[in-house]
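None of the figures in this text is laboratory data; all of them are computed from the coordinates on show. Only a predicted model underlies this, so the values are computations on that prediction, with no experimental measurement involved. Positions of Cβ are generated from backbone atoms using ideal geometry, with glycine treated the same way; all protein chains shown enter the neighbour counts.
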Amino acid sequence: MSFHNLFISAMLYKARQTNTSNILKIIFNFAQIVRSEANLGLYMTSKKATYTQCDALLRTIIVGNIITRLSLSAFLIWRLRQIRNVHNFGSDKWISIILFSIKIALSIPYFIFQRASTEYVPDVDLVGCFVDSFTPIPYGACGIAVEFLIDIFLSFRLVQILFNANKNAAQVSTNIKSKRSCFGHDIRSA
C-alpha cells in the first residue's frame, strides 16, 4: 500500500501546485516503506545473526519510525497553516514551531539510546536479534505525549475556526433578502 501511495503522491507532486503537502506525503510513504522493509529484515535474519546486522536493522526501523511520525505531524501542522485565520495566525505559527521542535528534540535521544544485541537461543541453536526497549522509554513516552499535544492543539484550533466560520455564515445568511433553497427556488414563494 505504501508503494502505491508513494507513486500516487509523486504523480500528484508533478501535476499540482500544492507541492508541500505532496512532498510530506512522499516522505511519509517512503519512511513507511523503509520501516516495513527493515522490520521484515529483522525477522528474516540468518540463523547466526551478527551484532552489526541487528544494529543496522534496528537503526533503520527507528529512522523509519521517526521520519513517519515527524512527517505526519508536519503534514497536520501544514494543513492548519493553510487555513488563514487572521486573528491567531502568529500564535498558531509559533505554537506549531515549538511543538514540532520539541518533537524533533525528543526523537534524537530516542535514536541514540536505543540498543540492539544478539542473543543465543540454545534450544534451536539460533543467534537472534534482541532489542533493549527499556532504555529509550522515557523519550518515546514523551514523544507520544507531544504527539497528543499536537493533535489536541490542532483539533482545538480547527474547532475554533469552524465555529467562527459557521457564525460568519449565519450572519451573512441573515443579511440576504431572498433566501433560496438548495434547488434555486425562492423559499418565501412556496
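Some observations on this one:
- Along each principal axis, taking the top coordinate minus the bottom one, the Cα set of region 1-110 gives 61, 35, 15 Å in descending order.
- As a calculated quantity, the FRET efficiency between ASP132 and SER46 at R0 = 30 Å, using C-beta atoms, amounts to about 0.90.
- Each of the peptides 60-69, 115-124, 99-108 was scored by the mean count of other Cβ atoms within 10 Å over its residues; in descending order, highest first, they stand as 60-69, 99-108, 115-124.
- Our coupling estimate for region 104-115, obtained by passing each phi through the Karplus curve with A = 6.51, B = -1.76, C = 1.60 and θ = phi - 60°, is 5, 4, 6, 6, 5, x, 4, 5, 5, 8, 5, 10 Hz, Gly and Pro reported as x.
- Pairs over the 30 Å Cα-Cα cut-off, from the set LYS47/LYS103; LYS25/LYS47; LYS25/LYS103: LYS47/LYS103; LYS25/LYS47.
- Each residue in LEU76, LEU162 was given a count of other beta-carbon atoms within 10 angstrom of its own, and listing them fewest first yields LEU162, LEU76.
- Taking a ≥ b ≥ c as the square roots of the eigenvalues of the Cα gyration tensor, region 56-128 is classed as prolate, since a/c reaches at least 1.5 and a/b is larger than b/c.
- In this structure the amide hydrogen of ARG115, modeled in the peptide plane, comes within under 5 Å of the amide hydrogens of ASP132, none closer than 5 places in sequence on its chain.
- Alpha-carbon centroids, region 10-29 and region 37-104: separation in whole Å: 17
- Global form of region 24-72, assessed from the alpha-carbon gyration tensor, a/c cut-off 1.5: prolate
- Dipole moment magnitude, nearest 20 debye, region 2-157 about Cα centre, only Lys, Arg, Asp, Glu C-beta charged: 860
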